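Novice: Mind looking over this structure? Questions follow.
The values are calculated or read from the model by the stated rules, or taken from the named source; none is laboratory data. No experiment lies behind these values; they were computed from the predicted model shown. With ideal geometry, Cβ positions are generated from the backbone for all residues, glycine too; neighbour counts draw on all protein chains shown.
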Amino acid sequence: MKNIKILSIIIIGLLTACGKKVQETKPIRKDVTETVFASGNLEANQIYQLVAQSDGYLIELNFKENEIVNQGQVLAVIDNKQNEINKESANALYNIAQQNLQPNAPQLVQAKIAVENAKQKLNFDEAQAQRLKKLWEANSISKVDYETATLKFQTSKADYSKASENYNLIKQQAEQQLVINNAQKNANTVLLGFNQIKAVYTGKVYQRYKEKGDFVRKGDVIATIGNADFLYAKVSIDESSISQVKVGQEAVIQLNTNKKKTYKGKVAEILPAFNEQTQSFLCKIHFTDSLDFNILNTQLQVNIITGTTKKALLIPRNYLQYGNLVTIKGEKEPIKIETKFISTDWVQVLAGLDENTTIITDKIK
């Protein structure tokens with residue numbers, strides 16, 4: 001990409017000697033505007049790709065190109081039976097897990113009965129041990145009978161504790177399973193929702209890539225949607241010129257569809273990433289003029305105004321020779337001058353000439 005300097009000047013005329021093979025003129029002073037040239041295209045704000053999130057056939061397409069769609073609106077439906085089956089299965093398992101936590105659930109009832117039986121036996125053995133203890137202390141029974149009763153009490157106590165722990169474990173496992181099945185149910189609800197493709201933001205459908213009946217895979221682009229109320233120019237700027245570009249600088253935009261018309265704009269953003277493929281930087285130019293053409297990806301050209309020079313000394317481009325040389329009228333050898341920029345039509349001179357110097361050229365335009 002070349003950095004082109006545009007001069008906003010008007011030259012009244014050149015002094016031309018009739019019949020001569022050379023042309024002559026004098027440098028002039030004019031205010032000039034320096035710009036950086038860039039090319040790009042029209043982009044929509046908040047543009048995004050509407051993509052399929054599951055595999056299947058498109059059984060519904062509820063939008064057309066150039067149509068405004070609303071956030072959350074169902075734009076397409078995919079026929080994915082697997083998601084429906086998984087959702088039904090997850091719901092059934094969740095219902096079973098809920099039933100397993102009910103007070104009348106078979107496992108909980110059985111475990112609770114075991115706890116009650118162990119409690120009754122514990123109470124009986126505890127009372128028996130206390131009764132035999134009194135008899136042993138009164139020397140009415142042998143020590144062996146008392147110790148046997150005490151051992152039965154300790155065993156019943158351990159059995160009751162084990163039965164209670166078993167009941168709590170069964171209940172905890174049932175609660176865990178309910179949590180797992182609830183997560184699966186919710187996850188499969190989300191997956192089933194992927195069969196319905198909804199608009200992320202309110203916007204205009206700029207392009208539709210699929211038709212009803214097409215088979216799509218997860219990630220396939222179905223449409224491009226963007227903000228219909230705000231278009232901007234997205235341009236590429238050469239790495240040698242990007243240092244001259246600043247946010248807020250004015251720009252002149254020309255659409256390739258109508259090169260006779262220009263629009264005013266301003267540099268709104270310089271994206272922080274360098275494009276390795278194009279070896280350029282991306283820049284956003286917002287229109288300050290009303291845009292009467294709003295077709296996305298329209299090619300365009302932009303001249304970003306980077307500075308102005310008051311009373312710059314200028315000569316026509318065809319008077320400049322190779323090596324920054326010019327020929328002065330009456331001199332045999334050309335002289336070297338110092339220049340600031342060279343465009344296709346004009347050259348700004350920094351040193352070596354003044355307004356009173358007459359220069360000549362044989363490169364007749």
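Novice: Among the residues of segment 137-148, is any free of Cβ contacts under 8 Å to residues at least 40 places away in the same chain and within 45 Å of the chain's Cα centre (by Cα)?
Specialist: No, there is no match, as no residue in segment 137-148 is free of Cβ contacts under 8 Å to residues at least 40 places away in the same chain and within 45 Å of the chain's Cα centre (by Cα).
Novice: Kindly state which strands (runs of 3 or more DSSP E) lie completely within segment 324-365 and contain at least 2 residues that are over 54 Å from the mean Cα position of the chain (by Cα) and within 27 Å of residue 33 (Cβ to Cβ).
Specialist: The strands (runs of 3 or more DSSP E) meeting that bar are 359-361.
Novice: Follow-up. Can you confirm whether residue 43 is assigned to a strand (DSSP E or B), at pLDDT 90 or above and surrounded by fewer than 17 Cβ atoms within 10 Å (Cβ to Cβ)?
Specialist: Criteria not met by residue 43.
Novice: Here's another thing I want to ask about it. Do we find that residue 291 is closer than 20 Å to residue 45 by Cα, in contact (Cβ under 8 Å) with a residue 60 or more places away in the chain and not in a strand (DSSP E or B) in this structure?
Specialist: The answer is yes for residue 291.
Quick grid of which residues meet (1) of a type in the set (Phe, Trp, Tyr); (2) within 25 Å of residue 294 (Cβ to Cβ):
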residue: 235; (1), (2): no, yes
residue: 239; (1), (2): no, no
residue: 242; (1), (2): no, no
residue: 256; (1), (2): no, yes
residue: 260; (1), (2): no, yes
residue: 271; (1), (2): no, yes
residue: 274; (1), (2): yes, no
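Novice: Could you pull out every one of the strands (runs of 3 or more DSSP E) wholly within segment 144-259 that has 2 or more residues that are buried (at least 18 other Cβ atoms within 10 Å of the Cβ) and not polar (S, T, N, Q)?
Specialist: So the answer is 203-208, 221-238, 250-255.
Novice: Look at segment 105-164 and say how many of its residues are among the aromatic types (Phe, Trp, Tyr) and modelled with pLDDT of 90 or more.
Specialist: The total comes to 3.
Novice: Which of the residues belonging to segment 340-351 are among the β-branched types (Val, Ile, Thr) and either on the phi > 0 side of the Ramachandran plot or surrounded by fewer than 16 Cβ atoms within 10 Å (Cβ to Cβ) (or both)?
Specialist: 342, 344
Novice: Same structure, new question: Answer yes or no: is there a residue in segment 102-124 that is more than 29 Å from residue 156 (Cβ to Cβ) and assigned by TED's automatic domain parsing to the domain that holds residue 146.
Specialist: Scanning segment 102-124 turns up at least one residue that is more than 29 Å from residue 156 (Cβ to Cβ) and assigned by TED's automatic domain parsing to the domain that holds residue 146.
Novice: Mind listing whichever residues of segment 260-311 are more than 28 Å from residue 340 (Cβ to Cβ), surrounded by fewer than 13 Cβ atoms within 10 Å (Cβ to Cβ) and charged (D, E, K, R)?
Specialist: 260, 261, 276, 289, 292
Novice: Would you point out which residue out of 306, 224 is β-branched (Val, Ile, Thr) and within 25 Å of residue 50 (Cβ to Cβ)?
Specialist: 224
Novice: Please specify each residue of segment 87-110 satisfying the condition of being in contact (Cβ under 8 Å) with a residue 60 or more places away in the chain and not polar (S, T, N, Q).
Specialist: Of everything in segment 87-110, those that are in contact (Cβ under 8 Å) with a residue 60 or more places away in the chain and not polar (S, T, N, Q) turn out to be 87, 90, 93, 94, 96, 97, 101, 105, 108.
Novice: Ok, one more. Among 278, 306, which is out of contact with any His (no Cβ under 8 Å at 6 or more places or on another chain), assigned by TED's automatic domain parsing to the domain that holds residue 34, hydroxyl-bearing (Ser, Thr, Tyr) and in a loop (DSSP other than H, G, I, E, B)?
Specialist: Being out of contact with any His (no Cβ under 8 Å at 6 or more places or on another chain), assigned by TED's automatic domain parsing to the domain that holds residue 34, hydroxyl-bearing (Ser, Thr, Tyr) and in a loop (DSSP other than H, G, I, E, B) holds for just one of 278, 306, which is 278.
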